[in-house]
Amino acid sequence: MEFELHAPYQPTGDQPEAIRQLVEGIKKGYRNQVLLGATGTGKTFTVANVIQELQIPTLVMTHNKTLAAQLYAEFREFFPNNAVEYFVSYYDYYQPEAYIPRRDLYIEKETDINEEIERLRLSATTSLMSRQDVIIVASVSAIYGLGDPEAYGKSVLTLETGKIYRRNALLRQLVDIQYQRNDFELKPGVFRLRGDTLEILPAYRDRDIYRVSYFGDEVEQITRLDRMTGEVVEKLDRLDIYPAKHYITEETRKETVLQGIEAELEERLAYFRKEGRILEAQRLEQRTRYDLEMLREVGYCAGIENYSRHIDQRPPGSPPWTLLDFMPSRYLMVLDES
């Protein structure tokens, strides 16, 4: 689908010339251009026209959540039929973990994750993986660690009508990509099974429930329902379910990841014991062994980002993946410094 700008007015004043110069500069390969303008002069509308002219995915970055929310609302009005997404930090509160050896005091990490913002972050990466007409409005969270985009893309679960999918195997696949089963309440990232009917509410949707109807082991019908009314919106021939978390480890390399974490653990334990820091070694081993067990059994643990290098199979000292790695090879970046 192409970008389609909807606005009740046309560019006026200096805007047409600014749009022309910006588009021309991008086509000539200019890496940096500056659009100057006071508040209220229509810079967002100018950029929207540039996006429509170029027809390429766009990342709009600003320095805080408030400005990001404002730009997100404006771009959604300009492009109601395209994928305008919001990507900011999902922490409402963050207390990092800490340890005070002299008092043998371990302070656990405390976080308050905003589930709605987490859903919007997943919606952003899902849109980048599935379509071209995407505008991401992001804060500086876009340059911080995220899971491996290749592993994320390979973990997509595809269902088609008329094909055979054993139900138990399908449920295991959903669990592997971090979906949870709850036969009583459907919310983002949850599925339920009722007889021959499987219902899934993707982690990146808030109103779309997908109902998969079985006849034996064959998928007989796939329908999209409105979560609020329960009405059938459309019938589908194919359904792609994207992971419920950004940190995904392929089953084939899970054991390699766990072995890498264990090897680093043994290395650090040997260091602490050699230095006579027994309490630090004990705490580190206790926490890491617990996380390893969680990763082995359910594929996820609190603070999984601590193990991102092993999960991504990156060499020591290499930077983590970010939202920028999810962007296509050619995209437009707009930095808002107002």
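The values are calculated or read from the model by the stated rules, or taken from the named source; none is laboratory data. In this text the structure is predicted, and so the values were computed from the model without any measurement. Note: ideal-geometry Cβ built from the backbone for every residue, glycine included; neighbour counts use all protein chains shown. Keep in mind that these areas ignore ligands, DNA and RNA; they rest on the heavy atoms of the full protein, side chains included. Shrake-Rupley method; radii C 1.70, N 1.55, O 1.52, S 1.80 Å.
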For segment 84-95, does any single residue satisfy the condition of being touching a Pro at 6+ places or on another chain (Cβ under 8 Å) and touching a residue at least 12 places away in the same chain (Cβ under 8 Å)?
no
Being part of a loop (DSSP other than H, G, I, E, B) and open to solvent by less than 40 Å² (accessible area, probe 1.4 Å) narrows it down to one residue among Ile248, Ile311; which is it?
Ile248
Counted residues in segment 130-153 being over 16 Å from Glu250 (Cβ atoms), part of a helix (DSSP H, G or I) and in contact with a helix residue (DSSP H, G or I) (Cβ under 6 Å, 6 or more places away or on another chain) come to 1
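One line per residue, one yes/no per condition, for (1) closer than 24 Å to Leu225 by Cα; (2) under 12 Å from the mean Cα position of the chain (by Cα); (3) aliphatic (A, V, I, L, M):
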residue: Arg121; (1), (2), (3): yes, yes, no
residue: Ser127; (1), (2), (3): yes, yes, no
residue: Asp148; (1), (2), (3): no, yes, no
residue: Ala203; (1), (2), (3): yes, yes, yes
residue: Arg207; (1), (2), (3): yes, no, no
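Residue by residue, here is whether (1) over 20 Å from Leu67 (Cβ atoms); (2) at pLDDT 90 or above holds:
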site	(1), (2)
Glu85	no, yes
Tyr94	yes, no
Val156	yes, yes
Leu170	yes, yes
Those residues that are touching a strand residue (DSSP E or B) at 6+ places or on another chain (Cβ under 6 Å) and either hydroxyl-bearing (Ser, Thr, Tyr) or over 24 Å from Val50 (Cβ atoms) (or both), I need them from segment 121-142; list them, please.
Arg121, Ser123, Ser127
Lone qualifier among Gly153, Gly195 - being surrounded by 16 or more Cβ atoms within 10 Å (Cβ to Cβ) and of a type outside the set (Phe, Trp, Tyr)
Gly153
Residue among Ile56, Ile19 that alone is β-branched (Val, Ile, Thr) and within 27 Å of the chain's Cα centre (by Cα):
Ile56
Tell me which residues, restricted to segment 262-285, are farther than 26 Å from Gln313 by Cβ, part of a helix (DSSP H, G or I) and open to solvent by 90 Å² or more (accessible area, probe 1.4 Å).
Arg273, Lys274, Ile278, Gln282
Across segment 205-222, what is the number of residues that are closer than 23 Å to Ala83 by Cβ and open to solvent by less than 10 Å² (accessible area, probe 1.4 Å)?
1
Can you name the residue in segment 166-191 that is crowded, with 18+ Cβ neighbours inside 10 Å and out of contact with any helix residue (DSSP H, G or I) (no Cβ under 7 Å at 6 or more places or on another chain) and, of all such residues, is nearest to Ala302 (Cα to Cα)?
Gln178
If you scan segment 63-85, which residues turn out to be charged (D, E, K, R) and surrounded by fewer than 22 Cβ atoms within 10 Å (Cβ to Cβ)?
Lys65, Glu74, Arg76, Glu77
Tell me whether segment 34-49 contains one or more residues that are over 20 Å from the mean Cα position of the chain (by Cα), open to solvent by less than 70 Å² (accessible area, probe 1.4 Å), over 22 Å from Tyr204 (Cβ atoms) and in contact (Cβ under 8 Å) with a residue 60 or more places away in the chain.
yes
I need every pair where a residue in segment 263-291 that is in contact (Cβ under 8 Å) with a residue 12 or more places away in the chain and at negative phi has its Cβ under 8 Å from the Cβ of a residue that is open to solvent by less than 50 Å² (accessible area, probe 1.4 Å) and among the hydroxyl-bearing types (Ser, Thr, Tyr), sequence separation at least 6 or different chains.
Leu265/Thr288; Asp291/Tyr307
